[in-house]
Structure formats: C-alpha cells, structure tokens
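Structure first, then comments.
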Amino acid sequence: MAEIEELQTMFTVVPVSNDGQFCEGKQTGNGHKFGLKSPAQGYDVEADQSDTLTQNSITSLLSSKFRDVAKRWRQYGVDSPRFRKRLHSKWESMNYEIIDSQLQRKLNEEKVSKRKLAMLMLSNWLVYFAIGIGTALMAAGVQIIVELIAHQKFSLLKTYLDKCSTDKENCLYQPILIWMSINVGITLLASALVTYLQPMAAGSGIPLIKSYLNGVRIPGLLSLQAFVAKCVGVVLSILGGLACGKEGPMAHSGGIIAAGIGKGRIPWFKKYIDLYGLFRTDHNIRDLVAAGAASGVSAAFGAPVGGTLFSVEEAASFWNTELVWKVFFSAMVACFSTNFLLSAYEGHPTQLSNPGLVRFNTFPNLTFDLIEIPVFIIMAAIGGLIGSLFVVMNYKLTVFRQKYLHRKKWIKVVEASLVSGVSALAAFVLMFTIKDCTTAEPYNGHAFNTTMGCDGEGHNAMSTMFLTTPEGCLKALLHDSYDNYSVLTLVLFVTVFFFLGVWTYGLSVSSGVFIPSLTIGAAWGRLIGLGVIQLFPNQVLTSKAKDVGKYALIGAASQLGGCLRTTISLTVIIVECTGDITFGLCIMLALMISKWVGDFFTTGLYDMNVEVSGIPLLSWEPPPLCDHVYVSDFMSQPVMTFLPVEKVGHVYECLMGESFNGFPIIEQDPNCDSRYKGKLRGIILRFQILVLLSKKVFCQEGQVPSNQNSITLKDFQKTSPVAVRIEDIQLTDQEKQYVIDFRPFMNQTPYTVSLNFSMPRVFRLFRGLGLRHLVVVSDEFEPIGMVTRKDLAKYRAEIKKGMLHMEHLT
Ligand code: ATP
C-alpha cells in the first residue's frame, strides 16, 4: 500500500477526454476515462502513454501496470534519457500503401490510350523539373537577400569599430550596442515568425523530413506557413548573427516546394484552389518530397550527386532505380538553375561560376603524402569525439528547453534573441581582448575586418571570422594563409563558436547545423595543421608550402561526420564542393572514422532529434536481439472488426469510443453466434470511414445509397486525413439506423501474417512495403491481432549495465 501511495505521488490521476487529451478541472462522473499524468507531463508523456482507465480501477492499475513504469522512473530519474525516447501520440502514420479497393480496380481497368500514358509520364517528369526550378529560385533568392543585407550590416559595424577604436573617439560602446541591437531585433522577428506562424519550421527540418519520408505524418510540415517561416526565417536567422547556416533548411524548403507542386493546389483562407490533382496520394507526394530534399541540398552545395545521395542515405526510406533517376534529375536542374541565377545576378549568366550557395572554392594545394594519413585518422577520431560532445550537450539542452522553456511561446522568442545578443557580445569581447593583429591579406579581398586594437598595423584577425556570415567565416578558415590567425585566436574562436553552435541548434528559429559544424571543424583542423607544420617542418608536403587549408578541410569533414554520422553523401558533397577527387579518399576516411567514434558514444544529431520528439521512426534494420520476439508478443488483441455492411450507429459509436486507424472487415461466420467472428475480407481505414460518413454514403438496409457511385478516389485524396474528426460529424437518430457498405472502398487484399512470424520478418515487411497496419490471422484466416508501425517502433535495444537488452517503450 505504501508503494501505491508513493506511486500516486509520482502520477496524478486526471480526467481524459475522448480524444485522449487530459482535461483537468472538468466535471467527471464514474465510468469516465482517467489518465495518469506524470510529473513531466506536458513535454514527454502524453495521454496514450499514460493509458486510460476507469475511476474504479485506478488503484489496482497503479499497483500492477504502472509499477513497472514507476520503478524505471525511480531508477533513472525524471530526466532519464530513456523516457525521452517514449513515442508521442501526436505522430500518426502515412498511408503509403495503395488501397486495393474496387474503386481502385475500376480505375486500373479503364483503358488508357498510349497518348494518355505518354502525357502522364511527361507530366511526371515535368513536375520533377519544376521542383528543381522552384528550389533554385528559392535558394538563389535567399542567398542574394542574405548577401545584400549582410554586406550593409557588416560595413556599418566596420565603420563604427574602426572609428571608435581610435584614442580620439573612444566610443566602443556604440558599435557593440548597434551590433547587439541589430542581432536581437532581427532574431526576434526570426523567432516570432517560426514560433507563431509554424513551429515545424524550427531547426534544419531534416530530422522531420526524414521522419515524414519514413512514413510519419507531421501536420504542418509541408504547409505554406512552414515554407514562409522557413525561407524568411533562415534569412533573418543568419542576419541576426546566429551560429547557423542556410543549407539544412534548403532541404526542408525543397521538400515543401515539391509537395506543393505535386499537390497542385494553393491554400486560400483555410480552403484550397485546385489546379490539378495528378499526384496527390501519400505515395506520390513522398517521392516528390525526396526529390525536393535532394534538390535543396544540391542547390545549397552545388552538389547534385551529393544531394541525391543525401536524400537516399539520410532521408528517404523507399527507393527504386527510376525514383533515384528522377531525384537526380531534379537535383541536377536545381544545381544548374541556382548557378545560372546567381551568375546572372553577378552579371555574367553564361559563365556559370556559382554552382551553390556555399562553395569551398578550389584549394591550390590539395595533394597529400601518405605519411599524413595517420594525422588525418587522428583528426577523424577527434571529430567523432567533439561531434558526440556536441550531440550530448545539445540533447541535454533540448530536454531542458522542453521542460522549462518551451511551455510558453514568448519564452522561445526571448531565448533566441538572447542567444543572438550574446553571440554579438562574445564576438566583440574576443576581438577587443585578443588583439591578434595581422598584416596577412585575407583570402577574400572583399572580407570585412577592423583595425580595432591594431594601432594602424594590420587588422584584427578575429574580426575576419566574425564580421561575416557563417559561410564567409568557413571560407576564411579554409583558405586564409598560414599566418592569418594565431593559435590563441583559433583556440578561443573554436571554444566560443562551439558553445554558440550548441546553444543555437534547437532554438525556435529556422537554422541549419552544416555550416556551424564545418566551421568548428575547420578551426580546430587549422590548429592541428599549425601543429603539424611546427612539429615536422621538413617532412610533409604541407609544411613546405605552409598550407593549413587541407587540415582545416579534414577537420571540417570530421566534425560534420561526428555530428551527423552521414558518410557517403557528405563525402560526395565535400568532394563536389572542392572539385578535387584525389582528396576524396582522405575525406572518406575522415567521415567514416568520425562516424565510428561518434557512434560509440551517442546517436547522430538528427536521430537524437527524432528520439527526443518521440517520433516512431523505423530504422533500416530491425532492432538487435529481437529474433526471439514473435508477433503474438506485440500484437494488439482482441481486434475490433466490422462487417462488410454495418449499421451506421454502430460504426459511429465504435469510432467515438476508439481511436484505432484501421478496422479489419470480416465475413460473418454463419455457423457461429458471434457476429464478430469470421474470415478476413479486407481492411478499411478510419479516415475512409470518416469521409464516407461525412458525405453520408449510407442508406436504408437493402438499398444502394444514391451517392455511392458518385464517390471517387479523388474524394479521398482531396481530404486531409487529419482534417476530418468523428466529433465533427453529426448524425440524426434516423441516419444511425441506416447501413453503410464498405465493400467498394475497403482494401480487399490487406497484408497478413500468421502468429509465428518473428519480429525481424514483420519489421522488414513494414519497412519494405511502407505498411501502416498488419493483420495477424489465425489458421482459419480470422483476424486475431493487429500490428502498427508504432507497435514495432516501441522496441529498442538498450545498453544497460554493460549488457544489451530489449526495452519495450510504453
Ligand atoms: P498510427 O496512428 O500512426 O497508424 P497507431 O499505432 O497509433 O499508429 P492505431 O490504429 O491508432 O495506430 O492503433 C493504436 C493501437 O491499437 C496499436 O497498438 C494497434 O495495434 C491497435 N489497433 C489498431 N487497430 C486495431 C483494431 N481494429 N482492433 C484492435 N486493436 C487495434
């Protein structure tokens, strides 16, 4: 009993509404549903993880079912990473499977002329072409605006810094105040835009796009609001002086453009203006979004092959040769068009000299000696270590944010503004205190720098890295000559920028992590380069030429690999960015080893984001140690089924009472009394039933609804599955007596498995076919269990006390 009392102090019993939300303070009677609310509720434990129960059974449930959960809570504490890995009820699955209904078959049987087929194919390729063009327009627009305004901002700061640092003026408070005010003001706008318009636009968007392509529905991710918040937001974030890049958000924006072009409709005051509707199935949109993400990366780095591979490796879950070809086509169009647009902007459109938003530019001396390889390997290991430190720190910060900061929207905005103010202050303090003056010319002759602290002799080296955009800073670190920065300058820069990068990623602003990671890596890589030249002045090629650029490049690659853990695509992206294949081997080594070292400590940054958000992502491979787990261990039973022709009232009650998204249809066994026992005949989705109910496709028993024949597949495609709710459908008592016929609409050939299927086999079915539901059938082909992707995603392997064991997330 004492234990139950203790448990009750850990969980509060709270009434739960039918849609699974906690509704504290509302009147409830006996028989109402209740949920157990955890101390951390509001950020990681939602209604479905707390289960629902009736008032009378609370005590018994507390002592049995929740004891286990509470034990773990006690064991690991409220902040335990394990509990961040809970699955979140708000993420639903996509319907990637094509519904094999009578309606679909009728459509399949329609004779299609060769001409129509050709037109269809052509329009399909046109859509992929348009995705490339759309992404390029967006990318070039973002680049031009950022460069234009950044130029004004840094030129203003330079003027004030130069002027005020002289003994005569002595007004250094002015530039820092101006710098901080500009940063805070712009970041305030950037964060407010994302926070209030579409929070899904926060961050780089790549983890969310990856989850979407894996089969998870993320409301708002591909909306017009997300597009505006993403594109305008990223411009503002960079101008606001945050330690972030615009390359990651390009993948998300490309995905939104792709979905928009594919759907062919324009949102208009909560309605849509339909233009065309050829590619509206989840399946089609998924493929287009994969192309959009690839185009975004391609436009950002001028790397079409790398972009395509990035989409394959990091984002998309379903591939075939034709799709890869189409995605590559889009990526190539995006790269070429961005190049054309940026070159045209610079006044020489035919020269095509701007292949991406960020170029590493050609390295004059990218050759290497084999004896340098051990140094590169050590650097890769360092990259893995620093990368995982970045992930761990960012993870802790994300949990802290979810717990304390992200409960109120305005706090998010204030935090982002604070970070931008601190970024300006830190840069100023570093420039002011270090006074590392150099006469070496910066690689980019147009780069801004100040003479602050140099008494007319050269310029402040630190200012070259801070009076520019993060991309400019990266280029400076990669290409500036050996003696441009002192060791102290680099050490302090890398430390401060690392902390700013950790603090910035996860703010409620549109921001990418590619460039900050590359910059951090380039800075410590440069340091190592300086060390190598000092230690072996005559041995390695670099030493003779005193070129630290390639060490900076290896450092950048290692840091990025240690953070993101992507190997093939990043190797290709960096090789495409440098335009030198001979150095590809070293880049690959750096990325591979940094990934191995990083994986030893943590998951990658994107995977950490996915886990913290509780998204039910299915990885490529089934979890280890699950060979002995059989479908009977994790299926849900008993199964709620419907007959092919059901009473509307009964269907309505069932949908009101349960939130299941799929219902097997059975043929009633004439020899059995139970009307819910019989052979499986199909499966119908909740969303399909809701569309049928809202369109009133039902009639009196023995008749055929007058509107049944007018329902087409487009009626289902037009409606967003999350837009229709059973609570919004009103039925009269008379209508509830009618019957609804599921036969024309149900999937007649659902995937089924028998009880003795093991988890790895079921996992591969879900992963390979993009399933949402799997029906478990008995030897008599009667449905006896249901499995969804969340049932699978709950299984994870964990290392506990040095041993690998299975954990079943609740
Ligand atoms: P998603 O909403 O993303 O498809 P989910 O797991 O939330 O995933 P639901 O269909 O809501 O999908 O199912 C919730 C739980 O209920 C799952 O554990 C599933 O196995 C079970 N379930 C689904 N449909 C039925 C059904 N018709 N009868 C009994 N249990 C079901």
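A few points about this structure:
- From most to least packed by mean Cβ count within 10 Å, the peptides 287-295, 499-507 give 287-295, 499-507.
- Annotated for segment 643-781: lysine pairs at least 8 residues apart or interchain, Cα distance under 18 Å, count 10.
- A cut-off under 15 angstrom between Cβ atoms defines the neighbours of VAL112, and their net charge, with Lys, Arg +1 and Asp, Glu -1, is +4.
- FRET efficiency, LEU731 to THR159 (Cβ-Cβ, R0 56 Å, nearest 0.05): 0.20
- Total formal charge among the other residues, if their Cβ is under 11 angstrom from that of LEU323, Lys/Arg +1 and Asp/Glu -1: 0
- Virtual paramagnetic centre 7 Å along Cα→Cβ of LEU585, amide N under 16 Å, in segment 516-533: none
- Measure of compaction for segment 140-266 (Cα Rg per 2.2 N^0.38 Å): 1.32
- For segment 663-669, the Karplus equation 6.51 cos²θ - 1.76 cosθ + 1.60, evaluated at θ = phi - 60°, returns couplings of 10, x, 9, 10, 9, 4, 6 Hz by residue, with Gly and Pro reported as x.
- Extended-chain gain in nm, criterion 0.36 nm per residue less alpha-carbon gap, GLU701 and LYS111: 209.0 nm
- Karplus-derived 3J(HN,Hα), 6.51/-1.76/1.60, for each residue of segment 414-431, Hz, glycine and proline x: 5, 4, 4, 5, 4, 4, 5, x, 5, 4, 5, 4, 4, 4, 5, 4, 4, 4
- Distance between the C-alpha centres of segment 214-266 and segment 305-344: 17 Å, rounded to the whole angstrom.
- Sorted by Cβ neighbour density within 10 Å, fewest at the top, the residues CYS577, CYS699, CYS473: CYS699, CYS577, CYS473
- Treating r as the C-beta distance of ILE411 and ALA723 and R0 as 22 Å, the FRET efficiency rounds to 0.15.
- Peptide packing for 369-381, 113-125, 546-558 was compared via the average number of neighbouring C-beta atoms within 10 Å per residue; ordered from the highest value, the list is 546-558, 369-381, 113-125.
- Once the C-beta distance of TYR630 and GLU780 is scaled by a Förster radius of 25 Å, the resulting FRET efficiency is 0.85 to the nearest 0.05.
- Subtracting the Cα-Cα distance of LEU397 and SER181 from their residue separation scaled by 0.36 nm leaves 75.2 nm.
- Taking amide H as placed 1.01 Å from N in the peptide plane, SER93 has its amide H under 5 Å from the amide H of ARG217, each at least 5 places away in sequence or on another chain.
- When peptides 729-740, 602-613 are sorted by average Cβ neighbour count within 10 Å, with the highest value leading, the order is 602-613, 729-740.
Every read-out reported here was derived from the displayed coordinates using simple, explicitly stated rules and does not represent laboratory data. Being a predicted model, the structure only gives us computed values, none of them experimental. Cβ: placed from backbone, ideal geometry, glycine included. Neighbour counts: every protein chain shown.
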